[in-house]
Amino acid sequence: MKRSRIRAWIVAVSSTMLAAGVALAPVQTAMADPAGVQRTLDWEQSADRTLPAAAPANLNKQWATSYGATNVTSPTRDGSHAARFELRKSDPVVSSSKRAEISQRDEQPAGADRWYGFSINLATTWTHDTSAEIVSQWHHCDVGCPGTSPPLALLTDEGRWKIDFRGEPIDLGAYTTGTWVDWVFHVTWRTDSTGLLQVWKNGERVVHQTGATHDGGPRSPYFKFGIYKWDWNTGAPSSTTQRVMYYDALRLGDERAVHRDIAPQRTCARAPAVAAASATTYEPANPPSNAIDSNLTTRWSGQGFGAALILDTGAPRQLCGATVAWHRGDLRWNDYTIHASQDGVSYTKVWEGRSSGTTTAPETVHFTSGALDARYLKISFWANPENDWASITEARPLGL
Ligand SMILES: [Ca+2]
Ligand SMILES: [Ca+2]
């Protein structure tokens with residue numbers, strides 16, 4: 001509650017100052033949230049539920065119909081409210097094209113380091129179309145910035161999620177309608193090698209590129225979200241006449257933010273697939289693959305204190321915990337550590353402790369480090385009261 005009130009106050013102060021033509025001072029966002037969250041727009045604050053009449057405070061309205069942007073109570077990604085966008089081919093032109101969008105103001109400082117987290121649910125009517133549409137975009141500043149195409153955009157195109165990054169398409173797989181997809185974008189807005197683009201889709205890091213992220217100008221690009229379908233304005237071929245999507249859990253952050261501050265909130269319960277299991281040592285009868293065969297009667301066994309099982313998820317993603325089931329786990333405890341790594345070479349300790357000694361079922365641990373990007377987990381055995389054998393029947397990473 002306290003945090004919300006502080007945030008509301010900051011918004012009010014910002015409005016007043018903007019109306020007076022006063023530039024925003026960074027100290028105000030520092031007061032809003034020490035974690036670097038500049039703005040939360042999850043539609044749970046009644047003051048934010050201004051649709052369809054107007055955009056929430058400090059954001060611009062870019063729709064022209066009563067249905068262009070509305071607040072709904074279902075579906076929601078978090079809480080009890082979300083936003084619904086609807087665009088029809090017959091809608092009036094807004095800002096020179098067909099769109100139903102909410103836009104940040106063009107006031108992002110040059111060289112900004114920004115985080116953007118949100119969740120999108122494409123309605124089940126969002127059928128395949130040869131014509132693409134942008135569902136979130138980062139627009140160059142309006143005056144003194146080169147180019148009219150956004151340097152960065154999230155689209156649906158030909159049934160797939162795509163990112164357009166400075167003209168380069170990045171395919172992120174087929175989309176599924178009627179379900180929430182969580183996105184986190186981290187962009188260091190630069191025109192040189194210090195630029196950075198990172199993107200996570202449902203907790204999995206799907207883009208990591210360094211280098212220029214925009215084409216210059218006195219301010220960094222600003223964020224817009226909603227539906228933008230330019231082909232309906234130009235008369236290009238399109239097989240659809242209506243688009244509906246839901247949007248929720250938007251959080252905007254600055255350089256002080258980290259992934260977990262911005263990401264749509266997730267419980268640490270997702271079980272990403274394990275591509276491979278290996279071990280520092282094992283006996284031939286009980287190889288490491290036995291620890292990921294979903295069978296509690298088979299096990300990996302390796303002798304010696306420090307013997308370790310290594311799980312490989314195939315790609316870096318936000319990992320936050322693990323489940324581990326021990327052979328004879330109901331008869332003896334095991335002291336063990338968990339280390340995480342992006343490259344399989346450099347490891348960080350994320351947990352240490354002792355199994356319960358009371359069950360053979362998988363036991364869940366959450367990393368004391370919090371969630372982090374990792375591809376590999378190393379589970380190292382250090383002691384049990386019976387012998388010097390590490391014996392794990394099943395182990396899995398947990399992700400956000
Ligand atoms: Ca919500
Ligand atoms: Ca097994």
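The values are calculated or read from the model by the stated rules, or taken from the named source; none is laboratory data. Model, not experiment: these values are computed from the prediction. Virtual Cβ from ideal backbone geometry, glycine too; neighbours counted across all protein chains shown. Just the protein is used for accessible areas: all its heavy atoms, side chains included, with ligands, DNA and RNA removed. Shrake-Rupley method; radii C 1.70, N 1.55, O 1.52, S 1.80 Å.
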| query | What does the helix-only formula give at 222 nm for the chain: each DSSP H stretch with n ≥ 4 adding -39500 (n - 2.57), the total divided by the residues, and the result rounded to the nearest 500 deg cm²/dmol? | reply | -2000 deg cm²/dmol
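Taking a 20 Å limit on the Cα-Cα distance, which of the listed pairs K201/K349; K89/K162; K61/K162; K89/K201; K162/K229; K201/K229 fall beyond it?
K201/K349; K89/K162; K61/K162; K89/K201; K201/K229
I'd like to know how the range 33-262 sits against the 2.2 N^0.38 Å rule of thumb: what's its Cα Rg over that expected value?
Expressed relative to 2.2 N^0.38 Å, the Cα Rg reads 0.95.
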| Of all accessible heavy-atom area on the chain, the percent that carbon and sulfur account for (1.4 Å) | 51
| Mean Cα-pair separation over length for the range 276-399, i.e. relative contact order, pairs under 8 Å, 6 or more apart, % | 37
| Which residue, chosen from T313, N202, F225, occupies the Cα position most advanced towards the positive end of the dipole of the chain, where the dipole is computed from +1 (Lys, Arg) and -1 (Asp, Glu) charges on Cβ about the Cα centre? | F225
| note | Residues other than G216 with Cβ under 11 Å of its Cβ, Lys/Arg counted +1 and Asp/Glu -1, net out at 0
| note | In Å³ per residue, the alpha-carbon convex hull of the chain encloses 159
| note | Dividing the mean separation of Cα pairs under 8 Å (6+ apart) by the residue count of the range 33-262 yields a relative contact order in percent of 31
| field | Dipole magnitude (debye, nearest 20) for the chain, charges at Cβ of Lys, Arg, Asp, Glu | value | 840
| field | On Cα atoms only, tilt of 2-19 relative to the major axis of the chain in degrees | value | 30
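Would you work out the charge dipole size for the range 33-262 about its Cα centre, treating the Cβ of every Lys and Arg as +1 and the Cβ of every Asp and Glu as -1, and quote it to the nearest 20 debye?
For the range 33-262, the charge dipole is close to 320 debye.
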| said: Using a probe radius of 1.4 Å on heavy atoms only, what accessible surface per residue do you get for the chain? Whole Å² is fine. | reply: 41
| So what J values fall out for the range 60-66 if you push phi through Karplus, 6.51 cos²θ - 1.76 cosθ + 1.60 with θ = phi - 60°, rounded to Hz, Gly and Pro as x? | 9, 8, 9, 8, 10, 10, 6
| note | Once both label points are put 7 Å beyond Cα along the C-beta direction, the R328-E363 separation in nm becomes 1.6
| request: Only Cα pairs under 8 Å and at least 6 apart count here; give the relative contact order of the range 334-400 as a rounded whole percent. | output: 41
| task | For R160, enumerate residues with amide H under 5 Å from its amide H, sequence gap 5+ or separate chain, H modeled in the peptide plane. | result | Y175
| Local charge sum around A123 (other residues, Cβ-Cβ under 10 Å, Lys/Arg +1, Asp/Glu -1)? | +1
| query | Among A371, F381, Y347, whose Cα lies farthest out toward the positive end of the dipole of the range 276-399, if unit charges sit on the beta carbon of Lys, Arg (+1) and Asp, Glu (-1)? | reply | A371
| field | Phi-based couplings in Hz for the range 250-267 (Karplus 6.51, -1.76, 1.60; Gly and Pro marked x) | value | 7, 9, 10, x, 10, 5, 7, 6, 10, 3, 5, 6, 10, 5, x, 5, 10, 7
